[in-house]
1. Does VAL193 satisfy the criteria of being within 11 Å of the ligand (Cβ to nearest atom), under 29 Å from THR237 (Cβ atoms), modelled with pLDDT of 95 or more and within 22 Å of the chain's Cα centre (by Cα)?
2. Residues in region 1-30 that are closer than 22 Å to ARG116 by Cβ and either touching a strand residue (DSSP E or B) at 6+ places or on another chain (Cβ under 8 Å) or outside any helix (DSSP H, G or I) (or both): how many?
3. (1) hydroxyl-bearing (Ser, Thr, Tyr); (2) modelled with pLDDT under 95; (3) closer than 23 Å to LYS195 by Cβ: which one isn't true of TYR287, the others all being true?
4. How many of the residues in region 260-275 are surrounded by 12 or more Cβ atoms within 10 Å (Cβ to Cβ) and more than 25 Å from CYS185 (Cα to Cα)?
5. Can you confirm whether ASP181 is charged (D, E, K, R), away from the ligand (no atom under 16 Å from the Cβ) and closer than 15 Å to LEU262 by Cβ?
6. Being surrounded by fewer than 13 Cβ atoms within 10 Å (Cβ to Cβ) and of a type in the set (A, V, I, L, M, F, W, C) is the requirement here; does VAL93 meet it?
7. Which numbered condition trips up ARG131, out of (1) more than 11 Å from the ligand (Cβ to nearest atom); (2) surrounded by 12 or more Cβ atoms within 10 Å (Cβ to Cβ)?
8. Restricting attention to region 241-259, report how many residues are crowded, with 24+ Cβ neighbours inside 10 Å and of a type in the set (A, V, I, L, M).
Amino acid sequence: MYPDSVSIANSLMTLMEKANSNQMTPIRLQGWFKVIEWQINGDSSFWKSDGSKLLVSEPKQADFRLKCSAETLTRIAEGKLPFFIALWGTGEVAFEGSFSDAYRLGYVFLSDLRKRRVIFISHCWLNINTRFPEGCAFEGANIPLVKTLLDSGLGIIQMPCPEYECLGLEKWRYGEIIKDDLRACFRKSAEVVFKQIKDYRALGFEIVGVLGMNPSPSCGVEIAKGKGTMLGTSRDTSEHPESGIFIEELQKLLINEGISDLRFFAIRRSLIGESDLEEKIEVLKSYIQV
Ligand code: SF4
């Protein structure tokens, strides 16, 4: 081998080892079985993906071809030029093949500061406007709660508000839609969340849990109040140790899918004049292990 060829081979090996040492690579290469040809200064080297890692390949018909100079390759291998930028931004790495393959391979080399931890939360923790007016001790969002979540490095996924979706923004349809029809409507909102939960789990994200709101008849987890009045089955407005309708529907979908290890927890909503917010935040911190 000429000195240039040695340095190209070393750079390609460095790059491949970097990719294969990333714990995300087996996930990112899932179902992707391709032959990649690198043309560096006109000479070809071959890689392949076996669906979980990158390997050196015999020369063969490539699905995807990358072309760049030895100098560009060295900068990429040394971490001075992100591969994704060279491929998608500056064009220092040219490619022949599909954009889909370019995207797939580009992702493998991305640096990633994300903790990949998320929490699903009831809609009105972030947007209090869906609550009944006196159930809102804040102007727009429960700032201490949201700040606690943000400070902990969690990604926040806001679930739909089922009462808004099914009863309207000011809940004018309360009592009009009852029993099975109301449950079916809530289930539609739960299905949106169910899909997201499956997507995040499939790609290895940690889901810290689903944060509901006690004692909502919809989003309560440990306590629900007035569920019967909402379903049209009773006039009892007292609290009961059970989950709200939306949480029940979401849990049913998860159980049917065999998902039984997802944590559900809730803290109590804050009403005007209540002064126990600090205690609630401490409870939240214990749930999310801050
Ligand atoms: S249904 Fe859930 S998200 Fe909507 S206002 Fe009630 S507790 Fe909040």
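The values are calculated or read from the model by the stated rules, or taken from the named source; none is laboratory data. Worth saying up front: this structure is predicted, and the values here are computed from it rather than measured. Positions of Cβ are generated from backbone atoms using ideal geometry, with glycine treated the same way; all protein chains shown enter the neighbour counts.
1. Against the criterion (within 11 Å of the ligand (Cβ to nearest atom), under 29 Å from THR237 (Cβ atoms), modelled with pLDDT of 95 or more and within 22 Å of the chain's Cα centre (by Cα)), VAL193 does not qualify.
2. The total comes to 8.
3. Looking at each condition in turn, TYR287 falls short on (3).
4. Final tally of qualifying residues: 1.
5. It is false that ASP181 is charged (D, E, K, R), away from the ligand (no atom under 16 Å from the Cβ) and closer than 15 Å to LEU262 by Cβ.
6. no
7. With (1) more than 11 Å from the ligand (Cβ to nearest atom); (2) surrounded by 12 or more Cβ atoms within 10 Å (Cβ to Cβ) applied to ARG131, the lone miss is (1).
8. The total comes to 3.
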